[in-house]
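Following: one structure in structure tokens, then a few remarks.
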Amino acid sequence: MKKWVRKDASAALMFLAPSGVGFALFYLIPFAMGVFYSFMDSTVDGHFVGLANYRELLASDSFRKAASNTFYFSAISVPLMLVLSLGFAMLLNKNIYLRKWLRTAYVLPLVVPVASIILIWQILFDWNGSLNAWLGYFGYERVDWMKTDAAQNVVIVVYLWKNIGYNVILFLAGLQQIPKDYYETAQIEGAGRFRQFGSITLVYLTSTMFFVVIMSIINSFKVFRETYLIAGDYPQDSIYMMQHYMNNMFMSLDIQKLTAAATLMVGCILLIVMGLFALERRHRQFME
């Protein structure tokens, strides 16, 4: 048995070694170097300055604006993503008309390049774009979508449109794993749809929902390509995100602020994920 375990472990390590080396070279080591540089005053012959870079970063108005916009965006978009994707998944899980075509439609944004799709969104939300033309047709005033606070709503819509298909696939897989006998038994016992949804669907989708929430939070912190391609380096204040700030620090070669901002963002994501893991563990213990 020991020989078999050792043989199996060595084979597993051999298969994992290429991915592990690639992860270390391109992710782990660069991140560790970034954390190290965030405590230095220069990347070349630098000196240790402690938390000076972090204090300067937290005192920066542009960083605080970028951080607050990013957290606000995540707080709004992630719950919307969860509710909409679960609702569409439950709809597509039924025998409705054109179900296969609708499934394909939700998956298409995952395979279409962002740069090409952004052109369509620019035409749609431009001052002379299609949306303002429709508003004028119905007697409403035009809205300068990308130069007012409405730009944040545009980014939320683009984010939901781009990522909702992936979450719908995950929820569909989770829904199809729930035995139909449970729903039939609940109907016989007199349970309504809301009771079935709360006592059966949500309970058996806990692990899937947990994964979807984590991925949605991580993706919400990475929303940069869309806003960058739509509005450029310095967009309207409401959509100036953490990625804009770090990109501008990179363009100005202010590596210390860049690495400090990246370290803080990763730390915040880790705290959120650890909190979600704790909630999921408590929920699992409560259900057991």
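The values are calculated or read from the model by the stated rules, or taken from the named source; none is laboratory data. What you are looking at is a predicted structure, and each value in this text was computed from that prediction instead of being measured. Methodologically, a virtual Cβ is constructed for each residue, glycine included, from the backbone with ideal geometry; neighbour enumeration extends over all protein chains shown. Accessible surface is based on the protein model in full, side chains and every heavy atom, while ligands, DNA and RNA are left aside. Shrake-Rupley method; radii C 1.70, N 1.55, O 1.52, S 1.80 Å.
Table: residues versus (1) crowded, with 20+ Cβ neighbours inside 10 Å; (2) under 30 Å from Leu124 (Cα atoms).
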| site | (1), (2) |
| --- | --- |
| Tyr228 | no, yes |
| Gly232 | no, yes |
| Ile239 | yes, yes |
| Tyr245 | yes, yes |
| Met249 | yes, no |
| Ile255 | no, no |
| Ala260 | yes, no |
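Does any residue of segment 146-154 turn out to be among the hydroxyl-bearing types (Ser, Thr, Tyr), in a helix (DSSP H, G or I) and either open to solvent by 20 Å² or more (accessible area, probe 1.4 Å) or over 30 Å from Leu92 (Cα atoms) (or both)? No, every residue in segment 146-154 fails to be among the hydroxyl-bearing types (Ser, Thr, Tyr), in a helix (DSSP H, G or I) and either open to solvent by 20 Å² or more (accessible area, probe 1.4 Å) or over 30 Å from Leu92 (Cα atoms) (or both).
Among the residues of segment 161-178, the ones that are open to solvent by less than 50 Å² (accessible area, probe 1.4 Å) and either more than 20 Å from the chain's Cα centre (by Cα) or within 12 Å of Leu84 (Cα to Cα) (or both) come to 8 in all. Here Leu276 clears all of (1) assigned to a loop (DSSP other than H, G, I, E, B); (2) over 14 Å from the mean Cα position of the chain (by Cα) except the condition numbered (1).
Looking at (1) over 30 Å from Val157 (Cβ atoms); (2) surrounded by fewer than 11 Cβ atoms within 10 Å (Cβ to Cβ), can you tell me which one Asp61 breaks? Condition not satisfied by Asp61: (1).
Of all residues in segment 43-58, those satisfying the criterion of being open to solvent by 40 Å² or more (accessible area, probe 1.4 Å) and out of contact with any strand residue (DSSP E or B) (no Cβ under 7 Å at 6 or more places or on another chain) are Thr43, Val44, Asp45, Leu51, Arg55, Glu56, Leu58. Residues of segment 167-189 include none that is in contact with a helix residue (DSSP H, G or I) (Cβ under 7 Å, 6 or more places away or on another chain) and among the charged types (D, E, K, R). I need a count of the residues in segment 192-226 that are of a type in the set (Gly, Ala, Ser) and open to solvent by less than 50 Å² (accessible area, probe 1.4 Å). Number of matching residues: 4. Annotation: Tyr159 fulfils all but one of (1) in contact with a Ser or Thr (Cβ under 7 Å, 6 or more places away or on another chain); (2) farther than 30 Å from Ala67 by Cβ; the unmet one is (2). Scanning segment 67-82 for residues that are surrounded by fewer than 17 Cβ atoms within 10 Å (Cβ to Cβ), in contact (Cβ under 8 Å) with a residue 12 or more places away in the chain and more than 16 Å from Asn219 (Cα to Cα) turns up nothing.
The criterion of at least 1 residues that are in contact with a Ser or Thr (Cβ under 6 Å, 6 or more places away or on another chain) is met, among helices (runs of 4 or more DSSP H) falling completely within segment 177-273, by 206-221, 242-251.
Taken over segment 14-30, residues that are open to solvent by 90 Å² or more (accessible area, probe 1.4 Å) and within 24 Å of the chain's Cα centre (by Cα) amount to 4.
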